[in-house]
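*Asks:* Got a structure for you, questions after.
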Amino acid sequence: MNKTNYNSVMTLEEQLVVIVDKYISKRYQPGDKSFSYQLYLIFVGYHLKYFYPRNEYIQSSRNIDNIMTMFSSVYKCLTSTLLQRLNNKEAVIRELNSLVKYIDNYQERAEEIYATVRAQYEMKVIEKELTHEVRVRAIRL
């Protein structure tokens, strides 16, 4: 996808599709058994960074249910115009389907992965807030 087409992508879901397309372009190896796992990590990270803080796609107490709700919205945005702009449209659809199978086959593991990444994300956010530099203008004794 070239830059002019990338700039026309508006929603966060569409941006995730573009990220997946670029990731497939750079990293996909036929027969790579860990690719669905890597794609799941992208979805989890994207969910935590963009949707979790805004309380979107977090209706379930099970994290993989929230990821699958987000996934459904991402899949719905795959309109013909967006697909035409992707470099690897067939691979994107194939790997998104593989991602669903991965989550379905490894539900407990997927839940653990989400919890681990979420804990790391929250620690990073807290650390960032704690190390925020506070400047004092004058100190009176």
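The values are calculated or read from the model by the stated rules, or taken from the named source; none is laboratory data. Since the structure is predicted, the reported quantities are computational estimates derived from the model, not experimental observations. Every residue, glycine as well, gets a Cβ built from its backbone with ideal geometry; the counts of neighbours run over all protein chains shown. When the accessible area is computed, the model is the full protein with side chains, heavy atoms only, and any ligands, DNA or RNA have been set aside. Shrake-Rupley method; radii C 1.70, N 1.55, O 1.52, S 1.80 Å.
*Asks:* Among the lysines, which have Cα under 18 Å from the Cα of residue 33 when same-chain residues fewer than 8 positions away are ignored?
*Replies:* 101
*Asks:* If I model a spin label at residue 116 and residue 131 as a point 7 Å from the Cα along the Cα→Cβ vector, what separation in nanometres do I get?
*Replies:* 2.3 nm
*Asks:* Tally Lys and Arg at +1 and Asp and Glu at -1 over the other residues with C-beta under 14 Å from the C-beta of residue 94: what net charge comes out?
*Replies:* Numbers: positive: 89, 101; negative: 21, 32, 90, 95.
Residues near residue 94 contribute -2 overall.
*Asks:* Using DSSP H assignments, which helices in the chain have an axial alpha-carbon span of 27 Å or above and a mean Kyte-Doolittle hydropathy of -1.0 or higher?
*Replies:* Values: long enough: 107-130 (34 Å, -0.82).
Helices meeting the span and hydropathy rule in the chain are 107-130.
*Asks:* Another question about this same structure. Could you give the alpha-carbon Rg of the chain over 2.2 N^0.38 Å, rounded to two decimals? Before the final figure, lay out each step's value.
*Replies:* Details: Rg = 18.3 Å, N = 141, 2.2 N^0.38 = 14.4 Å.
That works out to 1.27 for the chain.
*Asks:* Treating the beta-carbon of each Lys and Arg as +1 and of each Asp and Glu as -1, no other charges, what is the dipole magnitude of the chain about its Cα centre, to the nearest 20 debye?
*Replies:* Details: 20 positive and 16 negative charges, 118 e Å.
Dipole about the Cα centre, nearest 20: 560 debye.
*Asks:* Here is a follow-up. Determine the share of the chain's accessible area contributed by carbon and sulfur atoms, expressed in whole percent, with a 1.4 angstrom probe.
*Replies:* Working: 4920 of 9630 Å².
Carbon-and-sulfur percentage of accessible area, whole number: 51.
*Asks:* Using a Förster distance of 25 Å, how high is the FRET efficiency between residue 61 and residue 19, based on the Cβ-Cβ distance and rounded to 0.05?
*Replies:* On the way: r = 27 Å, r/R0 = 1.09.
The computed FRET efficiency comes out at 0.40.
*Asks:* Given the rule -39500 (n - 2.57) for each run of at least 4 DSSP H residues, summed and divided by the residues of the chain, what is its mean residue ellipticity at 222 nm, to the nearest 500 deg cm²/dmol?
*Replies:* Working: 7 runs with 94 residues, N = 141.
Helix contribution divided over all residues of the chain: -21500 deg cm²/dmol.
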